[in-house]
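Readers should treat all values here as calculations from the given coordinates under stated rules, not as data from a laboratory. Quick caveat, the model's predicted, so the values are computed rather than measured. Cβ placement follows ideal geometry from the backbone for every residue including glycine, while neighbour counts extend to all protein chains displayed.
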Amino acid sequence: MGDKKVDYYGPGAGVYPAAPPPGAGSENQQQWPKQQWPPTPGQNARQGQAPPKADPKQRKTLMIAGGVAAAVLVALIVGGCLGFKHLKENVYSPQVLAEEYLSAIVDGDVEKAIGMSPDHNFEDFSLMTNEAYAKAENKITGFEVTEVVVTGGKADVSVDIEQGSDTTAVTLDLRTDGTEALFFHEWKLNIGLSTASVPYLPQGDATAVVVNGVEIPGQDTEVSETIARSFNFLPGDYTLSASTGTPYAGYPDQLVSVRLNQDGTATAQERSIVLRAEVTDAGRGEIQAGITAHLEDCMKSTELMPKGCPNKWRVEDPDNYRNISWSMPTPPTLEPVELEPTGPSGPFFVKAVNGEMVLEYEVLRDGSWEPEQQKAPLYWMYADVEINGEELSLTFAD
């Protein structure tokens with residue numbers, strides 16, 4: 001086949017011309033293509049070719065895009081860390097919970113604050129309603145968190161509490177209680193703001209509890225002279241009274257003053273509250289008027305021993321006396337009225353003392369009537385009093 005060499009490497013093998021003869025001039029030298037090795041069997045013929053050079057502009061674009069992607073990834077990582085830190089410190093931290101709790105008290109939402117407090121069986125906050133607390137005096141008016149120390153699952157939040165003109169440092173104890181939003185600790189109050197427990201003992205027919213003029217429903221208590229029910233009060237001044245009463249007898253208001261001590265505890269100035277019925281000014285006036293009217297009727301008597309009256313003059317022979325008349329230049333004074341523990345619903349007695357009576361009469365002596373006068377002190381007199389609603393009645397002993 002002449003001067004051509006043929007190599008067979010299977011299908012698609014290349015054909016290559018022989019080398020030029022020796023001494024052939026370069027000017028007439030034929031431009032031969034670069035040598036290419038034939039592909040192995042089964043390979044595409046193009047795989048044997050040299051790879052094309054990359055476009056510099058395209059390479060620069062790819063480098064810029066990669067840099068931007070890396071910067072975005074770094075920004076997302078940094079932003080995620082900052083966002084996590086922001087949520088941890090400003091949304092899910094123990095300080096946030098402590099501030100929410102104290103803000104509820106300052107804003108008057110004590111029912112929310114009590115709901116956030118730990119539930120202890122020995123504490124009774126049933127009198128601490130928003131309506132009753134709104135009318136309290138000398139309440140907590142502000143606070144400032146001064147320090148937060150977190151140790152494991154425990155956080156101590158130090159706070160300066162403002163009550164009136166006083167500022168008291170207290171520490172709230174918070175503990176972790178699971179997680180929320182998947183990644184953050186959930187905190188709860190373990191020890192909240194200190195409160196004062198005050199024993200409360202209603203007597204007589206006083207059962208309903210009234211705080212600052214607000215009747216608290218569901219607080220009816222059986223009358224007991226020995227067992228009192230204790231209620232917890234947040235710092236402030238409260239007025240306790242009973243809804244039961246009449247124009248003549250009622251239950252005087254009792255003041256409960258709770259203050260924060262320098263050690264952070266709370267104390268009530270009153271050790272206990274006993275609601276005991278007392279006769280009102282109107283009731284005392286009515287009793288005094290009843291005694292005066294009764295004595296006036298007694299002074300109209302023309303007998304030496306009128307029934308049911310304190311003016312009595314004992315003599316051997318009443319038939320020797322005539323023209324009998326009584327007067328009372330000095331009426332008796334009503335002593336302080338003390339009601340029984342059963343209250344105004346049951347009868348109670350009153351006592352009037354230090355009066356003076358004058359008895360004038362004629363006495364038969366030696367066949368003639370002679371005028372005489374006697375002065376008799378009224379040391380005391382008793383009367384039973386009973387109050388039924390708006391009615392007051394007196395019964396005088398004979």
* Asked: Cross-link partners among aspartates and glutamates for K300, C-alpha distance below 20 Å, same-chain residues fewer than 8 apart left out?
  -> D319, E356, E360, E362, E372, D398
* To do: Hand me the GluC sites (Glu not before Pro) from the stretch 282-354 located in a DSSP loop with no more than 11 other Cβ atoms within 10 Å, in residue order please.
  => E316
* Structure fact -> Once Lys and Arg are counted +1 and Asp and Glu -1 for all other residues with Cβ under 13 Å from that of S197, the total becomes -1
* What Kirkwood radius, in Å to one decimal, follows from the Cα pairs of the stretch 91-276? -> 17.7
* Enumerate the amide H contacts of M357 below 5 Å, restricted to partners 5 or more residues apart or on another chain; note that Pro and chain-start residues carry no placed amide H. => A376, L378
* Which one of Q269, I191, N121 is farthest out on the positive end of the charge dipole of the stretch 91-276, using unit charges on Cβ (Lys, Arg +1; Asp, Glu -1) and the Cα centre as origin? -> Q269
* Considering amide H positions built from the backbone, and no H for Pro or chain starts, which residues 5 or more places from L201, or on another chain, come under 5 Å of its amide H? -> I273, V274, L275
